[in-house]
Protein chains: 2
Amino acid sequence: MTILPDSDLPFDVNMLDRLAEVSIRVGLNLQEGQDLIITGPIEALPLIRRISAVAYKNGAGVVSTILSDDELQLTRYKHASDESLDRAPDWMFKAMGEAYNDNTARLAISAANPLLLADQDPVRVARVGKSMSMAAKPAMEPITNFATNWNIVSYPGLAWARQVFPDKSDNDAVAALADAIFSISRVDRDDPIEAWKEHQNKLTERQNWMNEQNFHSLHYKAPGTDLVLGLADGHSWKGGASTSRNGITCTPNIPTEEVFTTPHADRVNGVVRATKPLVHRGTVIDGIEVRFVDGKIVEAKADIGEEVFLQLIDTDEGARKLGEVALVPHSSPISSSGLLFYNTLYDENASCHIALGQCYSKCFKEEIGQSPDAVKAAGGNSSNIHVDWMIGSGDLDIDGITKDGDRVPVMRKGEWT
Amino acid sequence: MTILPDSDLPFDVNMLDRLAEVSIRVGLNLQEGQDLIITGPIEALPLIRRISAVAYKNGAGVVSTILSDDELQLTRYKHASDESLDRAPDWMFKAMGEAYNDNTARLAISAANPLLLADQDPVRVARVGKSMSMAAKPAMEPITNFATNWNIVSYPGLAWARQVFPDKSDNDAVAALADAIFSISRVDRDDPIEAWKEHQNKLTERQNWMNEQNFHSLHYKAPGTDLVLGLADGHSWKGGASTSRNGITCTPNIPTEEVFTTPHADRVNGVVRATKPLVHRGTVIDGIEVRFVDGKIVEAKADIGEEVFLQLIDTDEGARKLGEVALVPHSSPISSSGLLFYNTLYDENASCHIALGQCYSKCFKEEIGQSPDAVKAAGGNSSNIHVDWMIGSGDLDIDGITKDGDRVPVMRKGEWT
């Protein structure tokens, strides 16, 4: 891994300055005096350094950065004893969770090599995945529960770029991925902050319409898919910006094209086929087909990476149930790019998707509240995992079904009606 | 900052493999199943990755690495509000401290740019230094108290190499620093592990002699120095290997040439002049001269960096008192190299030195114990800082003074008698 000086990066580094501004001001909406934890790979340091500078210029308290290194991560998979795989740095996740619950904002830089773990033993990969998921729960819960403002943005890493553009030279691949990231993240517009305001207005409109409809369930029909997905009692659709429990309105995902809510953990029935590969912990899982009965996956297969997928849904009780449902038009900028990013943040925003595992307690009406008991009673799922996978396409029709059984077209051929 | 691939490093990378072995097997004596926290700069990744691999091959539990980046660190000094400077990531230090107290081993990679902060406002540097020292206490105490096995080793970083070899090209400077580190750390010997055993035997001999003498105080005489340094009641001299409270015998400093113990915080009188520059938080402090009365610095000056030094000794009550005294022969390999390393780990092992601030509670006889109350009653100092500075030279004579006032020559012209 080489960290290039800014002058050798094969793209316009001014775009990194803009992305840093969007991340701090729109993504996090970081407040004066607020502390911040950044996590990201060393390769993303050209962006991370800029984000840290922008954060301080905007009056941040203290910015702490947890840097990762792919090669260092691989030493464990390659050399650790089996017993080691069941251990995790609990102390770190616990401490991060405490910081998030104490008003520290959280920023994740996504630039991962999608195939980092592709050559590693899937049983060892799953074993680490399970112990890490369980240990990470204290750091993940304040994020899924929106205890604090958080944001995730991307950096055009080389290994990722190679995967998205396998036929290009290294420099051309990074440049192409950079262009895609900057465009999809709206930082190539004249005024990126203003562009995000306009985009937010559109998402708010869709979210409001879905909330007015107050559907009991959604019926998905597409080749290989015939799924009736019940929505949680008192669910609330969200899109783009979200007000965290510390009172700060943030835009967690940069980019984001979705409106999303919490399904009912026990009211999902039928079959569904994934429309794009899912990259989970460095392994590609493609061709997923599952059958739900009363909320739970009872049959599952995948053309590629089946073993990792089966291990994943065996993580815990809630790993076989849904925690999120999201609607994205097939004509979204990411889908229009025609690229497969092998990165959930991008691919999920190209397409309607669902997520296995932990639900967002934020996606409930005020009268339900966000307490674990209330969320559970309303049908919210609980798990140590939260894994999105894509089920949208130009062939997807979705009907909303009201409490009285009336049907309202929501999407036709992948587009909002 | 460029992280070069192994093939482009201007030194023999096999030496890094040997240094990793020495660090894990001699330095830490890492136990099967034991967790490990590594801290170090990204530039040292070629060593850190090897250490992680060696740790796992030796049966480590989980190895966590906290990577730092100089440029990222500078964003704070350059852009943060004044209020920010008084904040610190307490959550991180607290969590690390808990891990160390829970049998996690600790490894620090030293490769810092000695002049990183040289261009920053000394008042801001001191303000960060103070808030960081206070926040770091929970992570520092288990180390100074030897709650767990720990180790510090070095990596030949470019900025550091430039400082030590200002007249060489970048590559030649790194190569020369690498040679010095590998030689002084004894990894260029046929069998480095065996070489460390032999060296340990020599340190043990000196330590045993000093313990048999059981001096009440030491009298230092050299140009500009006339200091009577009282030793703590029930003090015990240590050197090289040390058995931590988790029962593991480690060799904390690689390299190490010293035998050291705890002075009495209230029984130090006279004047002392530093013989080498001290690098503290990125600033060089040179020409220190201080006067002690009853343990406390009452007059202090420095030719260079005086402001930073005065701020340092004002950190807290204990910052004006001594916490460590160490004896190193003037002919030690580091001193013989004739180099000034601008790095305390090296320069302190070239020379007799003393440290301001926190004492090592480990340096007491068993009948005293290591409880804070017992250590304090015996004369052990307490502070948020622990800063070594060099007072040894070829002109230094030291007499031991027994309880009855008898004098025994300990060192003449900087050498053991």
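The values are calculated or read from the model by the stated rules, or taken from the named source; none is laboratory data. Quantities reported herein were computed from a predicted structural model and do not represent experimental measurements. Neighbour counts are summed over all protein chains in view; Cβ atoms, including those assigned to glycine, are modelled from backbone coordinates with ideal geometry. For accessibility, only protein heavy atoms count, side chains too; no ligands or nucleic acids. Shrake-Rupley method; radii C 1.70, N 1.55, O 1.52, S 1.80 Å.
Placing a label point 7 Å from the Cα of residue B:243 along the Cα-to-Cβ direction, the distances to the matching points in the other copies come to 6.2 nm, shortest first.
Of all lysines in the structure, those lying under 25 Å Cα to Cα from residue B:376, and not within fewer than 8 positions of it along the same chain, are B:94, B:130, B:137, B:238, B:296, B:321, B:362, B:365, B:403. When chain A is treated as a GNM with alpha-carbon contacts under 10 Å, the residue of A:406, A:35, A:226 showing the greatest mean-square fluctuation is A:406. What you get for the stretch A:9-184, charging only the Cβ of Lys and Arg (+1) and of Asp and Glu (-1), is a dipole of about 240 debye around the Cα centre.
Our helix-only sum for the protein assembly as shown, with -39,500 (n - 2.57) per DSSP H run of n ≥ 4 divided by its residues, gives a mean residue ellipticity at 222 nm of -10000 deg cm²/dmol. Distance between the pseudo-spin-label points of residue B:213 and residue A:286 (7 Å out from Cα toward the beta carbon): 7.5 nm.
Residue A:123 to residue B:340: FRET efficiency via 1/(1 + (r/R0)^6), r the Cβ-Cβ distance, R0 35 Å, to the nearest 0.05?
My answer for the efficiency is 0.10.
Using a ≥ b ≥ c from the Cα gyration tensor of chain B (square roots of the eigenvalues), is it rounded, prolate or oblate, where a/c under 1.5 gives rounded and otherwise the larger of a/b and b/c decides, a/b for prolate? Rounded is the answer for chain B, as its axis ratio a/c remains below 1.5. When both bridge partners sit in the protein assembly as shown, DSSP labels roughly 75% of those beta bridges antiparallel. The candidates A:15, B:390, arranged from most to least accessible area with a 1.4 Å probe in the full protein assembly, appear as A:15, B:390. Remark: mean inter-chain Cβ contacts per residue of B:46-56 equal 4, using a 10 Å Cβ-Cβ cutoff to other protein chain atoms.
When the residues B:301, A:57 are ordered by accessible surface, computed with a 1.4 Å probe over the protein chains alone, the sequence from largest down reads A:57, B:301. Measuring between their Cα centroids, the stretch A:59-81 and the stretch A:258-330 lie 28 Å from each other. Heavy-atom accessible area with a 1.4 Å probe sorts A:86, B:170, A:399, largest first, into A:86, B:170, A:399. For the stretch A:287-374, carbon and sulfur atoms together expose 46% of the accessible surface, with a 1.4 angstrom probe and every protein chain in place.
Database remark: amide H of residue B:280 closer than 5 angstrom to the amide H of B:285 (H placed geometrically; neighbours at sequence offset of 5 or more, or on other chains; Pro and chain starts carry no H).
Between residue B:323 and B:355, B:356, B:357, the built amide H atoms are under 5 Å apart, and every one of these is 5 or more places off in sequence or on another chain.
In terms of its C-alpha gyration tensor, the stretch A:9-184 comes out oblate, because a/c is 1.5 or above while a/b does not outweigh b/c.
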